[in-house]
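Notes to accompany the following structure.
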Amino acid sequence: MARSPLTQPNPTNHGPWTADTQMADHTHAPAGEDDLHEHHAPGGLMKYLAVFGALLVLTAISFAVGNSQSLRENSPQVMWAMMMAVSCAKALLVIMFFMHLMWEANWKYVLTIPASMMSIFLLLMLVPDIGRRTQKYAEERWLHAAEPQAAHHDHAPAAGHKGDTHGHEPGKPAAPADGH
Amino acid sequence: MTDHAHADHGHGHVKLEYQPSIPIGNGKLCLWLFLSTEIMFFAGLIATYIVLRFGVPANTWPLPHDVHLVESIGAFNTFVLICSSVSIVLALEASRQNQPGLAKGWMIITFVLGAVFLGVKAYEYKEKFAHGIYPRRPRSLIHEKADIYYVQAVRTELKARFDKMLPHEQEYQARVKELEGKADLSTGEQAELDHLKRELLYRPLFVSLAQWTELKAAKEDDPIKRRQAMEMLADAIYPLHHTLRDQEQYIALLEEEARQLPTSIQEVSSQQASLQGDSDKLKAELAMLIEKSTQLSTQRGKLQEQKDKLKPIEAKPAATSALPRGESFVSLQPAEAQPSPAEQKLIDEIAAIDAQIADLAQQQKDRGVAAGQLDEQIAALKARHEALQGRLDLLPLLKEAEQVGQPHHGLNDFLHGIMLPMRIPSGNMWASTYFLMTGFHAIHVLVGLIAFVLILFYTLDVKKAHVIENIGLYWHFVDLVWIFLFPLLYLF
């Protein structure tokens, strides 16, 4: 009988989606029956507790980083990057262990990868706006734009022109227009 | 391969097998599809937040404490959500092992944890609302910078309160005096006293805080000083001091002002005193001049009498008595008959006196104008003195309101029930993004809680495991979103 390789019946592999898990109608059965690979049963109390501990430690790290005054003052970019890295690590732990994606078949990639790609793409498309935002402010907009409060010790660069009715408006957007 | 080629020629006897598309249940598939849309939904929100957060003019995004956001509360909520993630995964395990009682227990714990999360969120929202931090019209309650519009807004607000208090001011003062005289006050009386004292504060706040700053912002020549005065006002109402050093520097500024004010007051009062001396001298001269002119008038009256006696018959009573002094002299001149020498002498004397009186009147007028000008200057100095003194009296209150070492301070916090416009750079934008993101997240939490309640009506045995799994997936996603929101909103 002529068969294409795609349609060959395979007792262990039902096509590309079912790499290492059971059939749909078995999903509610205790997992890990087939154990095609060296995977242990998905989950397990000890595993969950370990992930829980890891999440707590990671939360503590991001809390400590976020509250570090020296990091905030000296290199906020490092602080933000660290916190985002910690968040991604936490998200990965939750997705892999709590949402069981670690033990799911290859279908997981079909749903998660496009969604993640589109999210990242959306973010990347919006990011250039950050740098350009204040560059395009009109003069009238600067009149009412937010302005960092003046430090008490050094007299703020008062940009007001002499004889101006509003004594202290930022003369030109040059100074405050950088976008981190 | 030959088989294959043969089959491709399509002789119709190829038996295709049914392929199940994805080896998961429909419910789970739908939930995952839903979650992938949710990923993009929250990614959109977060990306927008990042653009707004980093796109504001540099260094203007408020720090957590600037907007009454407490990191530790956010961290606690993170902890609560992580715990609930563990508990729901344990509920799933229990249900897969067909232990409905255990599964239900874990589900209840998850529900309670979710409810705790929402409760904490509600408390946080309440704190923001109580401090006036929520999206409003621009330049209404939250201002982007301490500019003249800000000062005007503060003045308008204080003026309204001051005007309401003004008709009762004396009554309030009397009552405060009466209450303060009492030995021990009941709680009601104490509350009344506090209330009245706060009402009475509207005068110094309006005059010595708002008007003072507005005048400085309008009249000061130095733009740096103009700006400093407005920053001072903003700091007094809602300070954004991030370190103890900031607070100390602010206090030092207040103390510096308190040191300089007495010198200004001294100057003004010495100026006032010297002007007062001038004015007193002028007034004494004026009195002397008046005295002199009355003397001259009486003298003139006497001479006039003598003259009238000399010529009683020829007198033309109608003309002389009715006409005013100056004219009587003129009208006497063209007399038909030549006056006698004695009469002529009297007439000359009267004319001399009249000239003196006119001269005195001119001097009086000049002195009077000068005295008036001096009085005006003195009144201006007096007002200046009062303004300086009022400002000096206000400074201790500002210092007290700062409460060094405490994060929440400023007049808005110190005087409960008063909400003056605040200067929080990018504060409106912060409030919009914060409430939008946490609000959407809270709605998701709420939906999760509803799902937990609904499933608790069933026996959570192995047959319900797939439902618990789906709810669990949703709940983990809610946790996932919070994992990103917490650092972005609380720690960035």
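Taking region B:140-161, which residues are assigned to a loop (DSSP other than H, G, I, E, B) and within 11 Å of the chain's Cα centre (by Cα)? Matches in region B:140-161: B:Ser140, B:Leu141, B:Ala146. B:Ala401 meets the conditions (1) of a type in the set (A, V, I, L, M); (2) modelled with pLDDT of 90 or more; (3) within 39 Å of the chain's Cα centre (by Cα) in every case but one. The failed one is (2). Taking the stated definitions as given, is B:Ser186 in contact with a Pro (Cβ under 8 Å, 6 or more places away or on another chain) and of a type in the set (Ser, Thr, Tyr)? So B:Ser186 does not fit the description; no.
With respect to the conditions (1) open to solvent by 50 Å² or more (accessible area, probe 1.4 Å); (2) more than 17 Å from B:Leu485 (Cβ to Cβ); (3) more than 8 Å from chain B (Cβ to nearest Cβ); (4) free of Cβ contacts under 8 Å to residues at least 24 places away in the same chain, A:Ser68 falls short on a single one, namely (1).
Of all residue pairs spaced 6 or more apart or on separate chains, those with beta-carbon atoms under 7 Å, a first member in region B:432-456 that is in a helix (DSSP H, G or I) and a second member that is of a type in the set (S, T, N, Q) and crowded, with 16+ Cβ neighbours inside 10 Å are B:Phe452/B:Thr110. Restricting attention to region B:60-91, the residues that are within 7 Å of another protein chain (Cβ to nearest Cβ) and in contact (Cβ under 8 Å) with a residue 24 or more places away in the chain total 7. If B:Ile251 meets every condition in (1) closer than 24 Å to B:Ala379 by Cβ; (2) within 14 Å of another protein chain (Cβ to nearest Cβ); (3) open to solvent by less than 50 Å² (accessible area, probe 1.4 Å) apart from one, which number is that one? Single failed check for B:Ile251: (1). Pairing each residue of region A:90-117 that is more than 7 Å from every other protein chain (Cβ to nearest Cβ) with any residue that is aromatic (Phe, Trp, Tyr), provided the two are 6+ apart or on different chains, yields C-beta distances under 8 Å for A:Phe97/A:Tyr48; A:Asn106/A:Trp17.
One line per residue, one yes/no per condition, for (1) open to solvent by 10 Å² or more (accessible area, probe 1.4 Å); (2) modelled with pLDDT of 95 or more; (3) closer than 21 Å to B:Phe76 by Cα:
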| residue | (1), (2), (3) |
| --- | --- |
| B:Ile424 | no, no, no |
| B:Met429 | yes, no, no |
| B:Phe440 | yes, yes, yes |
| B:Gly448 | no, yes, yes |
| B:Ala451 | yes, yes, no |
| B:Val462 | yes, no, no |
| B:His476 | no, yes, yes |
| B:Leu488 | no, no, yes |
| B:Leu491 | no, no, yes |
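Inside region B:340-374, residues that are basic (Lys, Arg) and surrounded by 13 or more Cβ atoms within 10 Å (Cβ to Cβ) make up a count of 2. Exactly one residue out of B:Pro20, B:Pro57 is touching an Asp or Glu at 6+ places or on another chain (Cβ under 8 Å), at pLDDT below 90 and either surrounded by fewer than 18 Cβ atoms within 10 Å (Cβ to Cβ) or outside any helix (DSSP H, G or I) (or both): that is B:Pro57.
Is it the case, given these coordinates, that B:Ala122 is in contact with a Pro (Cβ under 8 Å, 6 or more places away or on another chain), part of a helix (DSSP H, G or I) and modelled with pLDDT of 90 or more? Spelling it out, it is not the case that B:Ala122 is in contact with a Pro (Cβ under 8 Å, 6 or more places away or on another chain), part of a helix (DSSP H, G or I) and modelled with pLDDT of 90 or more.
Taken over region B:23-72, the residue count meeting the criterion of being within 37 Å of the chain's Cα centre (by Cα) and of a type in the set (Phe, Trp, Tyr) is 4. Of the residues making up region B:70-79, those that are under 10 Å from B:Val120 (Cα atoms) and surrounded by fewer than 20 Cβ atoms within 10 Å (Cβ to Cβ) are B:Ile73, B:Phe76.
So which residues in region B:358-414 are part of a loop (DSSP other than H, G, I, E, B) and free of Cβ contacts under 8 Å to residues at least 24 places away in the same chain, if there are any at all? Result: B:Gln403, B:Gln406.
The values are calculated or read from the model by the stated rules, or taken from the named source; none is laboratory data. All values reported here derive from a predicted model rather than from experimental measurement. No Cβ is skipped: glycine too gets one built from the backbone with ideal geometry, and neighbour counts run over all protein chains shown. Surface areas here come from the heavy atoms of the whole protein model, side chains and all, with no ligands, DNA or RNA. Shrake-Rupley method; radii C 1.70, N 1.55, O 1.52, S 1.80 Å.
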